[in-house]
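The values are calculated or read from the model by the stated rules, or taken from the named source; none is laboratory data. Please read these numbers as outputs of a predicted model, since none were measured by experiment. No Cβ is skipped: glycine too gets one built from the backbone with ideal geometry, and neighbour counts run over all protein chains shown. Surface accessibility is based on the protein's heavy atoms, side chains included, excluding ligands, DNA and RNA. Shrake-Rupley method; radii C 1.70, N 1.55, O 1.52, S 1.80 Å.
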Amino acid sequence: MTSAFPLLLDAWRFFKQHLWAISLLIIPVVIPLELVKSLLGLRVQSSEINDGNLWAGLVLGLLFAPLYQGALIHYIAAQLRGIDTGLSECFALGLRYWLPLALLYLVTGLLSIVGFLLLIFPGFFLMSRFAYADLYCVLHGMGPQQAVLKSWHDSRADFALLLTGLVVIYSAVFLASFGVSSFLQSLNTAQGLSLVLTSAIEAVLSAMFTLFAFRVFSQSAERFNSEDKLH
């Protein structure tokens, strides 16, 4: 069985090499999103499962995420194929998939979030099994339902890899986020600004899981060219 850690290193190398481009794809979407949440008073960090503001903030995030996630997937695919694709072109291609990705994320995202709010492991389990859904949606043109079912089926064999990568990456994201938040608090940074900056950093670092899932996904010649490799 393939170990997750060489694949994590591949994803990390790609992330470092393309950090600037990844940031330019994600940050222009995340910052307006967080400003809108602040203006609407959506307490996205509330732990109350029956808090309406919590769910409104989560749904808003799931609707904004496709704006950059589709572009990110196109960017990764282009780089793997050695195609020089501009970021504006990636955004244009990604926008074509906003509706199917939004529907996809509303279903898979909310299910995973409920899993995290109730117990930690169900959230990780569902995220791992849904890891290929957006890739199938964008790269294979599948509808949300077909992409979810295909991901659920195909991720079974890769579940241990995906779960390991997910736990490692999001543990690192949590530690980095906590460190940045603590540092900003030590500087007496305004709470709203601190939240926006922390959320932007979290979103960029979380792209590592998309890279990792793509790396596992691309091991299958039927999913992606078997000669493609993160570099």
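For a quick check, take a GNM of the chain with Cα springs below 10 Å and name the residue from 34, 202, 89 with the largest mean-square fluctuation. The residue with the greatest mean-square fluctuation here is 89.
When the alpha carbon gyration tensor of segment 84-124 is reduced to an equivalent ellipsoid, the three semi-axes, largest first, read 31, 12, 5 Å.
A prolate overall shape is assigned to segment 135-213, the ratio a/c of its alpha-carbon gyration tensor axes (a ≥ b ≥ c) being 1.5 or greater and a/b exceeding b/c.
Spherically averaged projected area of the convex hull of Cα atoms, the chain: 12.3 nm². Of the trypsin sites (Lys or Arg not before Pro) found in segment 76-168, those that fall in a DSSP loop while having at most 14 other beta-carbon atoms within 10 Å are 81, 96, 156. Excluding ligands, DNA and RNA, the accessible surface per residue across segment 128-189 is 50 Å² with a 1.4 Å probe.
Summary value for the chain: 26 percent relative contact order, contacts being C-alpha pairs under 8 angstrom separated by 6+ residues.
Taking the three principal axes of the alpha carbon atoms in segment 96-156, the coordinate ranges are 34, 23, 13 Å, sorted in descending order. With respect to the chain, whose longest principal axis is taken over its alpha-carbon atoms, helix 144-154 is tilted by about 60°.
Helix 19-40 and the long axis of the chain differ in direction by around 40°, with both axes built from C-alpha atoms.
Taking the chain as a Gaussian network of alpha-carbon nodes connected by springs under 10 Å, the highest mean-square fluctuation of the residues 84, 154, 134 belongs to 84. Each label was represented as a point 7 Å from its Cα along the Cα-to-Cβ direction; for residue 12 and residue 149 these points are 3.9 nm apart.
The angle between the Cα long axis of helix 120-129 and the main principal axis of the chain comes to about 40°, on a 0 to 90 degree scale. The 3J(HN,Hα) values that the Karplus relation (6.51, -1.76, 1.60; θ = phi - 60°) gives for segment 161-178 are, in residue order, 4, 5, 5, 4, x, 4, 5, 5, 5, 6, 5, 5, 4, 4, 5, 5, 5, 5 Hz. Gly and Pro appear as x.
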